[in-house]
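Written out below as structure tokens is the structure these notes cover.
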Amino acid sequence: VQLQASGGGLVRAGGSLRLSCAASGIIFSRYDMNWYRQAPGEKRNLVATITNTATTVYADPVKGRFTISRDNAKNTVYLQMNSLKPEDSAVYYCNAVYHDGSFSSFWGQGTLVTVSS
């Protein structure tokens, strides 16, 4: 199983980035997909979820600014981040979760987002 995250970088406050996470080795359409982020010295926090039925959930700090989406044909989940703030700076991780009787969870390697003020 591999989750390859990409799209991070340096952006000014108010700017936008789109993160991608390409999955292989899993039946992608069956998995709920999550984006987490972890800033230095802080715990890893859930940012957004898209379920296998395309229901989306967002953490309060990103509501109205971030959009999670998925393309099952490409085995890829996206995180469109608009109106970025310095406090959005973190390493962003994608996570795949399967929980239908059994439970499986896989993590990507993370992609760094830095928002300058």
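The values are calculated or read from the model by the stated rules, or taken from the named source; none is laboratory data. In this text, all values refer to a predicted model and were calculated from it rather than measured experimentally. Because the Cβ atoms are built from the backbone with ideal geometry, glycine has one as well, and the counts that use them run over all protein chains shown. Ligands, DNA and RNA are stripped out before the accessible areas are found, and what is left, the full protein with its side chains, is counted by its heavy atoms. Shrake-Rupley method; radii C 1.70, N 1.55, O 1.52, S 1.80 Å.
Results, tabulated for the structure shown:
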read-out	value
Amide proton proximity set for Lys85, modelled H, under 5 Å, gap of 5+	Gly14
Calculated FRET efficiency for the pair Arg44/Asp71, C-beta based, R₀ 25 Å, to 0.05	0.50
Intensity falloff of region 49-117 expressed as log10 I(q)/I(0), Debye formula with alpha-carbon point scatterers, at q = 0.12, 0.19, 0.28 Å⁻¹	-0.38, -0.90, -1.44
Evaluated at q = 0.09, 0.22 Å⁻¹: base-10 log I(q)/I(0), Debye formula over Cα of the chain	-0.22, -1.24
For region 1-70, Kirkwood radius (reciprocal of mean inverse C-alpha pair distance, Å)	13.5 Å
Mean separation of Cα contacts under 8 Å (6+ apart) over length of the chain, as relative contact order %	35 percent
Rounded percent of accessible protein surface that carbon and sulfur make up, region 8-117, 1.4 Å probe	50 percent
³J(HN,Hα), Karplus 6.51/-1.76/1.60, whole Hz, each residue of region 34-39, x for Gly, Pro	10, 10, 10, 9, 9, 8
